1. Only one residue in Ala129, Ala207, Ala180, Ala143 is at pLDDT below 90 and in contact with a Leu (Cβ under 7 Å, 6 or more places away or on another chain), so which one is that?
2. Of the residues that sit in region 183-195 and are farther than 11 Å from Ile160 by Cβ and β-branched (Val, Ile, Thr), which one is surrounded by the most Cβ atoms within 10 Å (Cβ to Cβ)?
3. Looking only at region 89-104, how many residues end up being in contact (Cβ under 8 Å) with a residue 12 or more places away in the chain and surrounded by fewer than 16 Cβ atoms within 10 Å (Cβ to Cβ)?
4. Does region 83-95 include one or more residues that are charged (D, E, K, R) and modelled with pLDDT under 90?
5. Go through the residues of region 130-139 one by one and say whether even a single one is of a type in the set (S, T, N, Q) and loosely packed, with under 15 Cβ neighbours inside 10 Å.
6. Of the residues that sit in region 119-130 and are not polar (S, T, N, Q) and not in a strand (DSSP E or B), which one is nearest to Ile187 (Cα to Cα)?
7. Would you point out which residue out of Ala180, Ala122, Ala176 is closer than 28 Å to Asn102 by Cβ, crowded, with 18+ Cβ neighbours inside 10 Å and touching a residue at least 12 places away in the same chain (Cβ under 8 Å)?
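The values are calculated or read from the model by the stated rules, or taken from the named source; none is laboratory data. Not measured: the values here are computed from a predicted model. As a convention, Cβ positions derive from the backbone with ideal geometry for all residues, glycine included, and neighbour counts pool all protein chains shown.
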Amino acid sequence: MQLDRLMVKTMTRIARTGIAGLRAPSPAEGNAPAKAVKGDLRGSGSWANEWAGARSAIARAKAIAKPAKARTDKGAMSADPIPEGTITARPLMSTRDVKLHNWILDRLEAEAPCCTLHVGVALHSFLTAATAHDGFDPLNGLAADMLIVDETGQPIAAIIRENTPNPSRHLLLIDALLDADIPIVDIPVRPSLATLWQAISETLPKA
């Protein structure tokens, strides 16, 4: 640590007085001001380079003088928190849902071109829960299978399929949408396209 402190002091002196400041004045010189040497005239750019080098050296010296634990903690914070190869992709929709999505999208483009269709939209994206507190959030984990949005970004209707494996979460989803006055269009197990579009068209803005 004594060597580290000596390095810091030396670099600080370089930064303040320049390289010439390290040379002790001779007895003949005393405290008389140094005379400019004709061949030693230098431009401002060279002095700027010396200052930049001195600052860099000081920064390195301070980094070396820091305790090892502090450097280790800092390095740990900058490490990637996700181990490589642990994240994989999964289908956003089933093949059947892709066909249904494309069919609804084609009808929207023809009859309501101002609207867009989105898939797998978390309720947090377009709803706000005033009762969320102390780590409890009623919207956590809830998502609409499809969501129709108008040209202003306002949700027009949520198209949802029954959550058979988890009926309680399905009821929470419906309750949240109803509380927010978002129209719900249910996707039956065996949907009739004509009946489904009739329900969707009733939610669309009128021309």
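1. Ala129
2. Thr195
3. 3
4. The answer is yes; a qualifying residue exists.
5. Narrowing region 130-139 to residues of a type in the set (S, T, N, Q): 131.
Narrowing further to those that are loosely packed, with under 15 Cβ neighbours inside 10 Å: 131.
Yes.
6. Taking the candidates together, the pick is Leu123.
7. Ala176
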